[in-house]
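The values are calculated or read from the model by the stated rules, or taken from the named source; none is laboratory data. Every value quoted in this text rests on a predicted model; they were computed, and no experiment measured them. When we count neighbours, we look across all protein chains shown, and the Cβ atoms used for this are built from the backbone with ideal geometry, even at glycine. Note: accessible area is taken over every heavy atom of the protein model, side chains too, but ligands, DNA and RNA are not part of it. Shrake-Rupley method; radii C 1.70, N 1.55, O 1.52, S 1.80 Å.
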Amino acid sequence: MDIPAQASLLLNGDRRALARAITLVESGRVDHRAQATALLAALAPAGRQALRIGLSGTPGVGKSTFIEAFGLHLTGQGLRVAVLAVDPSSARSGGSILGDKTRMEHLSRDPRAFIRPSPSQTHLGGVARRTREAVSLCEAAGFDVVLIETVGVGQSETLVAEMADLFILLLAPAGGDELQGVKRGIMEMADLILVNKADGDLKSAALRTVADYAGALRLLRKRPQDPAGFPKALPVSALEDQGLTEAWAQMQELAEWRRAEGHFARMRAEQARHWFEAEVRDGMLARLRTDPALRAQMAALGAAVEAGQQAPGAAAAEVLAGLARG
Ligand code: GDP
């Protein structure tokens, strides 16, 4: 199918066209890459935007349970919700996390929802691009909210925060000393900390954890994109569907404030620049790895540097000059 036809199906919200287009942006084939770029360019003039919500949390904290309950909450209000997963570690098991779909059984059957499991990709840069482009495709297909889920075990939450309008950290109730367990850098990215499992026996521990994090958040440096009172910590129970209305109300309040104050546009502009620069860097590194002439030059110069025949700086300058000439 040609690009204009694909684009018009997608803009009409055709789910099969969306799924196919995501497969296209995930592909490593050179001809697919060219088609994906053309398709994204054809969709851009529509200028559709969703609220992009990044969600991170360690395995077992309740991400899928939360997304299922929260997603249904949103679709119940008539909103269309897309869920994308970023999970570089899934490459280890050789594919999408087992049952990404069955994990969100009801939501995956909801006609207003679209769930895309994570592909197997080893390279974080590749994951970043495919997710970013998949977000754009979901926006073009008319989704109101795009949830980008990541397992909080590495760099992937930074990557997600760099493509989201709001970033949510999902935590489980903990003993007081576990506050240290959340890396400061991750806390600094959070707009909202949701302490899940605030039910049954865990409720009081969850409320204590909320208070601990609320205190810790107040000590963080204020960012320009934070209105008074943000970032915030709240208790929720994904299992018992508690606190989700309040959590969504807080997300909307924050989103509206950021929109009104121009932070949304600024943050997206900065993110676009960041990704442009990251793509250039990734592309240069890929060429160093794959271009036979460059590899040969690197090997020869590396040997010369090792033998003390050439200084590291001068040898590097030679390679960089070659890269610049293309
Ligand atoms: P994920 O690995 O972060 O996606 O976590 P899951 O959604 O698979 O949940 C891990 C476990 O925590 C499951 O046994 C869930 O039933 C349980 N769980 C999730 N949310 C809640 C909650 O709000 N309260 C309680 N008590 N358990 C929950």
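List of remarks:
- Summed over region 189-207, the residues that are of a type in the set (Gly, Ala, Ser), more than 10 Å from the ligand (Cβ to nearest atom) and over 22 Å from Arg259 (Cβ atoms) give a count of 2.
- Ala300 vs. criteria open to solvent by 40 Å² or more (accessible area, probe 1.4 Å), at pLDDT 95 or above and of a type in the set (A, V, I, L, M, F, W, C): yes
- Test: residue in region 141-156 that is open to solvent by 40 Å² or more (accessible area, probe 1.4 Å), closer than 25 Å to Arg258 by Cβ, more than 16 Å from the ligand (Cβ to nearest atom) and in contact (Cβ under 8 Å) with a residue 24 or more places away in the chain: yes
- Gln271 fulfils the conditions (1) open to solvent by 50 Å² or more (accessible area, probe 1.4 Å); (2) under 33 Å from the mean Cα position of the chain (by Cα); (3) not aliphatic (A, V, I, L, M) except for a single criterion, (1).
- Within region 259-276, the set of residues being more than 10 Å from Met163 (Cα to Cα) and hydrophobic (A, V, I, L, M, F, W, C) comprises Ala260, Phe264, Ala265, Ala269, Phe276.
- The listed residue being more than 14 Å from Ile168 (Cα to Cα), part of a helix (DSSP H, G or I), open to solvent by 60 Å² or more (accessible area, probe 1.4 Å) and not acidic (Asp, Glu), out of Leu285, Leu294: Leu285
- Tally of residues being modelled with pLDDT of 90 or more and open to solvent by 30 Å² or more (accessible area, probe 1.4 Å) across region 85-107: 1
- Residues of region 13-62 classified as of a type in the set (Ser, Thr, Tyr), open to solvent by 40 Å² or more (accessible area, probe 1.4 Å) and not in a helix (DSSP H, G or I), total: 1
- Selection from region 183-207 of residues that are more than 27 Å from the chain's Cα centre (by Cα), open to solvent by less than 30 Å² (accessible area, probe 1.4 Å) and not aliphatic (A, V, I, L, M): Asp199
- Among the residues of region 136-152, those identified as in a helix (DSSP H, G or I) and not aliphatic (A, V, I, L, M) are Ser136, Cys138, Glu139.
- Looking only at residues of region 208-249 that are open to solvent by less than 20 Å² (accessible area, probe 1.4 Å) and of a type outside the set (A, V, I, L, M, F, W, C), we find that the one that is nearest to the ligand (Cβ to nearest atom) is Ser237.
- Among the residues making up region 63-84, those that are within 14 Å of the ligand (Cβ to nearest atom), in contact with a strand residue (DSSP E or B) (Cβ under 7 Å, 6 or more places away or on another chain) and open to solvent by less than 10 Å² (accessible area, probe 1.4 Å) are Phe66, Ile67, Gly71, Val83.
- Residues of region 53-62 satisfying the condition of being near the ligand (Cβ under 6 Å from one of its atoms) and in contact with a strand residue (DSSP E or B) (Cβ under 7 Å, 6 or more places away or on another chain): Gly57, Pro59, Val61, Gly62
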